[in-house]
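Down below is the structure, laid out as structure tokens.
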Amino acid sequence: MSKIVPFDNNAICDGCGQKGAHDFMGDFYCPECASKDFKFHPFIYYIKLGDLLHYQNADEAVVAEHVDQNFTLYRSGVDDRIIGFEFNRFSKLLSKKMIEEIIEKQND
Ligand SMILES: [Zn+2]
């Protein structure tokens, strides 16, 4: 699964001050700065279309461990530690209102 990093045309790059930057969970870098000084930031994302919640806290090769049909653990391919997870059918765990709040906040 690829990383989802939103691009904001009006955001100012923290590295060079240029307009137009990717939003790395609150840190902004234009494509040029991001490519030469990329620092991984943990990210969590709810994808409404698939009804899944994805979290990852390290930029490493990932080994997916399917715990059951709705929950997948991501382990590091380097040292086997847990570096993320994915919940499928996430909305079954939360009320509709909580899901709406998550979507609203991540679109801010
Ligand atoms: Zn820049």
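Please report the net charge: other residues with Cβ closer than 13 Å to the Cβ of N10, K and R +1, D and E -1.
-1
Once you put a point 7 Å from the Cα of K48 and another 7 Å from the Cα of L73, both along the Cβ direction, what distance in nm separates them?
Here the answer is 3.2 nm between the modelled labels.
Please state the shape class of the chain: rounded when a/c is under 1.5, otherwise prolate if a/b exceeds b/c and oblate if not, all from the C-alpha gyration tensor.
Judged from the Cα gyration tensor, the chain comes out oblate (a/c at least 1.5, b/c at or above a/b).
Top mean-square fluctuation among G77, G26, G15, Gaussian network model of the chain, C-alpha springs under 10 Å?
Largest GNM mean-square fluctuation: G26.
Helix 96-106 sits at what angle to the longest principal axis of the chain, using alpha carbons and giving 0 to 90 degrees rounded to 10?
Orientation of helix 96-106: about 20 degrees from the principal axis.
Below 12 angstrom from the Cβ of G20, what's the summed charge of the other residues (Lys, Arg +1; Asp, Glu -1)?
Residues close to G20 contribute a combined charge of -2.
Which of P31, V62, T72 sits closest to the plus end of the dipole of the chain, meaning its Cα is farthest towards the positive end, when Lys and Arg get +1 and Asp and Glu get -1 on the C-beta?
Towards the positive end, the residue furthest out is T72.
Residue by residue through segment 68-75, what is 3J(HN,Hα) from phi via Karplus (6.51 cos²θ - 1.76 cosθ + 1.60, θ = phi - 60°)? Round to whole Hz and write x for glycine and proline.
Per residue, the Karplus-derived 3J(HN,Hα) values read 8, 5, 10, 9, 10, 8, 9, 10 Hz.
Pop a pseudo-label 7 angstrom from the Cα along the beta-carbon direction at both N88 and A64 and give the gap in nm to one decimal.
Distance between label points: 0.8 nm.
Within the chain, what is the longest stretch that has no chymotrypsin sites (Phe, Trp or Tyr not before Pro) placed in a DSSP loop and near at most 15 other beta-carbon atoms within 10 Å?
41-108
DSSP loop (so not H, G, I, E, B), at most 13 other Cβ within 10 Å: list which trypsin sites (Lys or Arg not before Pro) in segment 1-78 pass both filters.
Answer by residue number: K3, K39, K48.
Could you give the length gained by full extension between D14 and E101, i.e. 0.36 nm per residue of separation minus their alpha carbon distance, to one decimal place?
Between D14 and E101, full extension yields 28.5 nm more.
Each value in this text was obtained by applying a stated rule to the coordinates, not by laboratory testing. These numbers come from a predicted model, not from an experiment. As a convention, Cβ positions derive from the backbone with ideal geometry for all residues, glycine included, and neighbour counts pool all protein chains shown.
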